[in-house]
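The values are calculated or read from the model by the stated rules, or taken from the named source; none is laboratory data. Keep in mind the model is a prediction, meaning the values are calculated, not measured. Note that each Cβ is placed from the backbone with ideal geometry, even for glycine, and that neighbours are counted across all protein chains shown.
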Amino acid sequence: MTALWIVLAVVVLLAVAVVVSYNRFVRQRNLVQESWRQVDVELKRRHDLIPNLVETVKGYATHEREVFDAVTKARAQAAAPGSTPAQQAQQEGILGQALGRLFAVAEAYPELKASTTFLELQRELTETEDRIAAGRRFFNANVRAMNTRVESFPSNLVASVFGFHGEEYFEVEDEAVRSAPTVDFS
């Protein structure tokens, strides 16, 4: 009879451990999804600022059609729903490069650089980029925690039984963003 109680206690403890582990996976998955939604909100804000920026620059640099088209096309691709974090990162990299060309065009027009509308849009875009970077760090930290849980023993057993899987990081692909700037005081 004592052996039966011991076996029953072990089974109950294992069942409780599985339930606790399952609930931790659910919490972690929801945290990853929530943090991705926060990044997505900031990306949408960035996408909403870009048409105003393009229109402002267009007013000063009407003959730069190729640059405007590139920014518009990159924005449309980046704003398209349904991308994975890796796809979104790639699309955002292309958009960042197009915006870099737009700002290079703006450098050629001193009256544009002095425009309060342009300066305000540029400031808002910079703030948004900072918030995207913070959101990306938060998202990637949650992805790391989820992936660690999925790969660690014994939680990997629960993950495989209930179909939990590792998540993709939101990584910057643009080498210009990844590399350190060159400083030359000569």
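Laid out as a table, the results:
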item	result
Checklist (1) assigned to a helix (DSSP H, G or I); (2) within 17 Å of the chain's Cα centre (by Cα) applied to ALA159, failing item	(2)
Among (1) of a type in the set (Val, Ile, Thr); (2) within 30 Å of VAL16 (Cα to Cα); (3) touching a Ser or Thr at 6+ places or on another chain (Cβ under 8 Å), the one test that THR117 misses	(2)
Subset of the stretch 117-128 (residues that are more than 14 Å from GLU55 (Cα to Cα) and of a type in the set (Ser, Thr, Tyr))	THR126, THR128
Flag if LEU95 is at pLDDT below 90 and among the aliphatic types (A, V, I, L, M)	no
Helices (runs of 4 or more DSSP H) contained in the stretch 1-117 and holding at least 1 residues among the hydroxyl-bearing types (Ser, Thr, Tyr) and surrounded by 18 or more Cβ atoms within 10 Å (Cβ to Cβ)	2-60
Tally of residues being free of Cβ contacts under 8 Å to residues at least 12 places away in the same chain and under 23 Å from ILE94 (Cα atoms) across the stretch 11-39	1
Residue check, ASN147 free of Cβ contacts under 8 Å to residues at least 24 places away in the same chain, closer than 30 Å to ALA15 by Cβ, in contact with a helix residue (DSSP H, G or I) (Cβ under 7 Å, 6 or more places away or on another chain) and part of a helix (DSSP H, G or I)	no
Which numbered condition GLY59 fails, given (1) within 24 Å of SER35 (Cβ to Cβ); (2) at pLDDT below 90	(1)
Residues within the stretch 60-111 that are hydroxyl-bearing (Ser, Thr, Tyr) and touching a residue at least 24 places away in the same chain (Cβ under 8 Å), tallied	3
Those residues of the stretch 40-58 which are free of Cβ contacts under 8 Å to residues at least 12 places away in the same chain and more than 22 Å from the chain's Cα centre (by Cα), in sequence order	GLU55, LYS58
Complete set of residues in the stretch 62-89 that are touching a Leu at 6+ places or on another chain (Cβ under 9 Å), over 14 Å from ASP48 (Cα atoms) and either at pLDDT below 85 or of a type in the set (S, T, N, Q) (or both)	GLU64, GLN88
